[in-house]
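Report on the following structure.
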Amino acid sequence: MSLQQRHLLGLEGYPAEDIQTIIDTAFTFREVLDRPIKKVPSLQGQTIVNLFFENSTRTRISFELAQKRLSADTVNFSASTSSLKKGESFKDTVQNIEAMKIDACVMRHPTPGAPLRLTEYVDAVVINAGDGTHEHPTQAILDMTSLHEKFGYLKGLKVGIIGDISHSRVALSNIHGLITMGADVTLCGPATLIPPHIEELGVKINYNLDEVMEWADALNVLRIQMERMGVSLFPSVREYRSLFGITTERLAKHKKEIVIMHPGPMNRGVEIESAVADGDQAIILDQVLNGVASRMAILYLLLGGKAES
């Protein structure tokens, strides 16, 4: 199996066939992760550099674990301890790294479009691990893998994305991916946190959370990103929780099972109540495990790995 695209920079315009291939391959690697020995030699001899210019816990650990499970050699780069602090340019930094004969770069950067720029400087495969408020394609793929695992399909699935849409690269990648795969997507949150003209991407907007919950099969609940706002874009946390928080009381009003997702990290007691996050309807920890399997699949397919046995 192989992908039509050489890099994974975002899901806007990404072929549905490639997304499905990644999901199918992720399920194969899920079986590997359930084995006593959770390692295969698929990328033995390949070198992958993790270029993180922005703080990360979940994504970085997930990628590192995926690389180690595939037997790749992993090098971690931290901007805070690099020669960038001495005035070296981004271009010189990455070209020096590539001169060491690397095969792939996994990159997180605060500037939208930085991974695309990276492809101009290196011949290695580039995977976007989040670029500013633009996209986070591997998170969306693990979310879709988790939904496919739970429901058995994506086409026609009703997914509500709740919360801070404006500042969320996860939301944008999920919108592109889910619409491409034929799901129905409704956005819900404060009007100040929903970008203008976003309906042009094929989504609906509904400011009434209870109506969205009555309609939806699954909810992807987003973190309120105070650090990206500069100023508060809603009156208070208390009001936000009242109107858009996912609580046990609110779930109980809807006599149906709604799958609850969250990309993390969570603001417990704000966008989601602890009892919901830890409850039976949540698949948040499944998302974490599927994150490793999905990233294994992406690395394997983009780097032409040997079939695991």
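The values are calculated or read from the model by the stated rules, or taken from the named source; none is laboratory data. Only a predicted model underlies this, so the values are computations on that prediction, with no experimental measurement involved. A quick note on method: Cβ atoms are made from the backbone with ideal geometry, for glycine too, and the neighbour counts reach across all protein chains shown.
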Report summary line: Of the residues in the range 165-189 that are over 15 Å from the mean Cα position of the chain (by Cα) and within 21 Å of Gly132 (Cα to Cα), the one that is modelled with the highest pLDDT is Leu187
**Report entry** Answer residue from the range 253-263, given it is part of a loop (DSSP other than H, G, I, E, B) and either closer than 10 Å to Leu222 by Cβ or charged (D, E, K, R) (or both) and is farthest from the chain's Cα centre (by Cα) among those
**Finding:** Lys255
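Would you check if Glu199 is in the same structural domain as Met266 (by TED's automatic domain parsing), touching a Cys at 6+ places or on another chain (Cβ under 9 Å) and loosely packed, with under 15 Cβ neighbours inside 10 Å?
On the way: in the same structural domain as Met266 (by TED's automatic domain parsing): yes; touching a Cys at 6+ places or on another chain (Cβ under 9 Å): no; loosely packed, with under 15 Cβ neighbours inside 10 Å: yes.
So Glu199 does not fit the description; no.
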Report summary line: Of the residues in the range 120-138, those that are under 15 Å from Glu64 (Cα atoms) and not in a strand (DSSP E or B) come to Thr138
**Report entry** Among (1) at pLDDT 95 or above; (2) more than 20 Å from the chain's Cα centre (by Cα) - the single one Ser309 does not satisfy
**Finding:** (1)
Report task. Kindly establish whether Ile165 is closer than 28 Å to Ile61 by Cα, assigned to a loop (DSSP other than H, G, I, E, B) and out of contact with any Phe, Trp or Tyr (no Cβ under 8 Å at 6 or more places or on another chain). Result -> yes
Query raised in the report: Going by the conditions given, is His148 surrounded by fewer than 24 Cβ atoms within 10 Å (Cβ to Cβ) and either in a loop (DSSP other than H, G, I, E, B) or of a type in the set (D, E, K, R) (or both)?
Result: no
**Report entry** Pairs where the first residue, in the range 62-76, is closer than 23 Å to Pro265 by Cβ and the second is basic (Lys, Arg) and surrounded by 22 or more Cβ atoms within 10 Å (Cβ to Cβ), C-beta under 9 Å, 6+ apart
**Finding:** Ser62/Arg295; Phe63/Arg295; Leu65/Arg295; Ala66/Arg295; Gln67/Arg295
Query raised in the report: Which residues, taken from the range 265-293, are free of Cβ contacts under 8 Å to residues at least 24 places away in the same chain and aliphatic (A, V, I, L, M)?
Result: Ala277, Ala282, Leu285
**Report entry** Meets criteria (of a type in the set (A, V, I, L, M, F, W, C) and under 16 Å from the mean Cα position of the chain (by Cα)) for Ile127
**Finding:** yes
Report summary line: The one condition Phe53 fails out of (1) under 26 Å from Gly264 (Cα atoms); (2) crowded, with 18+ Cβ neighbours inside 10 Å; (3) in contact with a Lys or Arg (Cβ under 8 Å, 6 or more places away or on another chain); (4) at pLDDT 95 or above is (4)
